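Some notes on the structure that comes next.
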Amino acid sequence: MLAKLSEHLQKELPFVVYRAPEASTVKIVFQHTNELQTVEDFSESGFVFAPFDTTEKVILIPFDEVRVGELETVITETAATETPNPSAEAYEQHLELVKKGIETIQNSDIQKIVLSRKEEINSTVDPFLLFERLRENYPTAFVYLWYHPKVGMWAGATPETLLKANGNTMSTMSLAGTRKFEENLEFTWNKKEIEEQQIVTDYIVNRLKDSVTNVSVSEAKTHQAGSLLHLCAMISGRMPFSTNIGDIITTLHPTPAICGFPTEAAKSFIIQEEKYDRAFYTGYLGELNLKEETSRNRNRKNQENSAYRTVRSRSELYVNLRCMQLTDTKRILYIGGGITKDSDPESEWQETLAKSQIMKRVL
């Protein structure tokens, strides 16, 4: 499969190779043309790649050809990439951005704003080698390498589910708060982190109540993603037959975990003050409307068991966190964190440094 992937890249044809959390095999979706296809009403079937900005189109790589299996080992002679610390200017800019965010929250109805920065690193490490390293380092994450000749190449290892839908059941994740994992060290989440996670949970539940029934929320627990810990609760429910999966997606995206709350006010601050284009960072990606055929035995009164088949649609979408954009000579990292009225600018900077190590480790 690696040879076919390399050939597809040389021909400049779109593809995505990915591994679901804790899966033992990888999937590859090959598109047979270089056409840029987009989602119109979420009835389409394929691998979607969506930007942060909801006014922009969601890109679709259709399931022209899907392969499942193992990639051969990538053997590439490559020197380790130097990943210097961010400049003093980048440090000052981010601190000023966070200070402005805190001040805005304290003087408005905004409760949370997620603020981010990007970091460019000179690197030509082979993309397939990067994907292999991501798989090895982050077994519990959704790991991917995505390419379209008219858009570019992205890779990542995200810990956050946006939506899982199977038939008429759905689930999502309320994830917030970040701590660095330290072996044999017990800790408790502080007030700021607990409050931040509860904001995300309350928002999601409130947003879903008009389109999902039987909503339930699990207890918030610590979730490990590589070298980082997060506070996470699972939210599940049932989708009425009148509900389109696109309704759920547009209801959830962007979540407070990657934008803030209230959404529109936080988003306006981000677009005005971050002063760079997030592109696909904090967007979402994954399988949309993958058709699966199931076979069951059905009991009929006074008759023998009769086998029957049903076709069920399944979708698994993830928030595009812990990601990088790949160019010929650079790897562009995107890193952010949630800001509330109790945030400390220096601590928020340190959090971005910890998060950046996830991508730097594979360089």
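Bear in mind that the values in this text are calculations on the coordinates, not laboratory data. Every value quoted in this text rests on a predicted model; they were computed, and no experiment measured them. All Cβ positions, even for glycine, are placed from backbone atoms using ideal geometry, and neighbour counts span all protein chains on display.
Which order do the peptides 60-70, 281-291 take when ranked by the mean count of other beta-carbon atoms within 10 Å per residue, highest first? Write down the numbers at each step before the final one.
Values: 60-70: 14.7, 281-291: 22.9.
Put in order of decreasing packing, that is 281-291, 60-70.
With a cut-off of 8 Å between alpha carbons and a minimum separation of six or more residues, what is the relative contact order of segment 67-171 in percent?
Values: 64 pairs, mean separation 20.1, N = 105.
Relative contact order, segment 67-171: 19 percent.
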Checklist entry - Hull surface divided by four, with the convex hull built on the Cα atoms of the chain: how many nm²? => result 20.9 nm²
Next on the checklist: Longer than 29 Å from Cα to Cα, which of Lys164/Lys221; Lys275/Lys330; Lys330/Lys355; Lys100/Lys221; Lys27/Lys164; Lys164/Lys275 are they? Say none if no pair is.
Outcome noted: Lys100/Lys221; Lys164/Lys275
Checklist entry - Over the chain, what relative contact order in percent results from Cα pairs under 8 Å that are six or more residues apart? => result 25 percent
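I need the peptides 331-342, 263-274, 83-94, 46-57 ranked by packing, meaning the mean over residues of other C-beta atoms within 10 angstrom, with the highest value on top.
On the way: 331-342: 22.7, 263-274: 16.8, 83-94: 13.2, 46-57: 19.0.
Answer by packing, highest mean first, reads 331-342, 46-57, 263-274, 83-94.
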Checklist entry - From the Cα gyration tensor of segment 142-201, with a ≥ b ≥ c the square roots of its eigenvalues, which class applies: rounded if a/c is under 1.5, or else prolate if a/b is larger than b/c, or else oblate? => result oblate
Next on the checklist: Taking θ = phi - 60°, what integer Hz values does the Karplus form 6.51 cos²θ - 1.76 cosθ + 1.60 yield along segment 274-291, in sequence order, with x for Gly and Pro?
Outcome noted: 5, 6, 7, 8, 5, 6, 9, 5, 6, x, 9, 7, x, 7, 10, 6, 6, 7
Checklist entry - Between Thr38 and residues 5 or more places away or on another chain, which pairs have amide H atoms under 5 Å apart, with H built 1.01 Å from N, and which residues are they? => result Leu60
Checklist entry - Tell me, what is a quarter of the convex hull surface for the C-alpha atoms of segment 206-247, in nm² with one decimal? => result 4.0 nm²
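What's the Kirkwood radius of segment 120-172 in Å, using all Cα pairs? Display every interim value, and only then the final one.
Numbers: mean 1/r = 0.0758 Å⁻¹.
Result for segment 120-172, one decimal place: 13.2 Å.
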Next on the checklist: Rounded to the nearest 20 debye, what is the charge dipole size of segment 68-219 about its Cα centre when +1 sits on each Lys and Arg Cβ and -1 on each Asp and Glu Cβ?
Outcome noted: 620 debye
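Tell me the mean residue ellipticity at 222 nm calculated for the chain from its helices only (DSSP H runs of n ≥ 4, each -39500 (n - 2.57), averaged over every residue, nearest 500).
Computed ellipticity for the chain at 222 nm equals -8000 deg cm²/dmol.
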Item to check | Cα-based convex hull, segment 1-86, per residue volume (Å³, whole number) | outcome: 177 Å³
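Need the full-extension length gain, Thr250 to Asp202, defined as separation in residues times 0.36 nm minus the C-alpha distance. One decimal, nm. Could you put the intermediate results ahead of the total?
Values: separation 48, 0.36 × 48 = 17.28 nm, distance 1.70 nm.
Computed gain between Thr250 and Asp202 is 15.6 nm.
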Checklist outcome for this item: Here, segment 128-247 modelled as identical Cα point scatterers in vacuum has Debye log10 I(q)/I(0) at q = 0.23 Å⁻¹ of -1.20
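Can you give the % of DSSP beta bridges in the chain that are antiparallel, to the nearest 5?
Working: 91 of 91 bridges.
About 100 percent, rounded to the nearest 5.
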Checklist outcome for this item: In debye to the nearest 20, the charge dipole size for the chain, taken about the Cα centre with +1 at each Lys and Arg Cβ and -1 at each Asp and Glu Cβ, equals 1220 debye
